[in-house]
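Enquirer: The following block contains the structure, expressed as structure tokens.
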Amino acid sequence: MANPFVTGSDTAQNPGTDLPVFKEFAWDFEHDRFLYENNGRHQIVEKNEAIKVWALHALKVERYRYLAYFDDYGIELEPFVGTGPNDSARSSELFQYIKEGLLVNPYILDVTALSTELDHKKITMTLQLETVYGSTSVGIEV
């Protein structure tokens, strides 16, 4: 699967895999923008930090909507918006969609929901990603 954010190749390999080191443009999620170095170039992050950036971007993209992305990139959130109550059954179904959307990345080996909070119209999940580099966690709010 191609990384839709950073192009180019790196000859450094991950131990025990045929995959190159995963790289991504650094992203400031608080301000929703790229991070830059002092010279104006994009900062590049690697390994688990890059996978977190990729995952959080993939969770923001509605699957099948944008021609700029492959069909396996993103998740289908529209079926959950305004169509039913946010309850534990619905959050389990949402988790399955999220897991399916993240596991298209060959660097992500497994996705586990560490916590799920239901607050009226909002579902907040903390996910643990098992990657080829170890584990990391991300949060999503729907």
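Enquirer: Might you tell me the accessible area per residue for segment 88-142, computed with a 1.4 Å probe and given in Å²?
Expert: 52 Å²
Enquirer: Between the DSSP loop rule and a limit of at most 15 other Cβ atoms within 10 Å, which trypsin sites (Lys or Arg not before Pro) in segment 15-63 are left? Present the calculation step by step, with values, prior to reporting the outcome.
Expert: Numbers: sites: 23, 33, 41, 47, 52, 60, 63; in loops: 41, 63.
Answer by residue number: 41.
Enquirer: Starting from the Cα of residue 23, draw a straight line to each of the lysines and keep only those under 26 Å, dropping any in the same chain fewer than 8 residues away.
Expert: Hits, sequence-local ones excluded: 47, 52, 60, 99.
Enquirer: Would you please give the FRET efficiency between residue 43 and residue 89, computed as 1/(1 + (r/R0)^6) with r the Cβ-Cβ distance and R0 = 41 Å, to the nearest 0.05? Each step should come with its number before you reach the end.
Expert: Numbers: r = 41 Å, r/R0 = 1.00.
It comes out at approximately 0.50.
Enquirer: Let me ask something else. In nm, to one decimal, how far is the modelled label at residue 109 from the one at residue 126, with both set 7 Å along Cα→Cβ?
Expert: Modelled inter-label distance: 2.2 nm.
The values are calculated or read from the model by the stated rules, or taken from the named source; none is laboratory data. Predicted model only: the values in this text are computed from it and were never measured. Note that each Cβ is placed from the backbone with ideal geometry, even for glycine, and that neighbours are counted across all protein chains shown. SASA here: full protein model, heavy atoms, side chains in, ligands and nucleic acids out. Shrake-Rupley method; radii C 1.70, N 1.55, O 1.52, S 1.80 Å.
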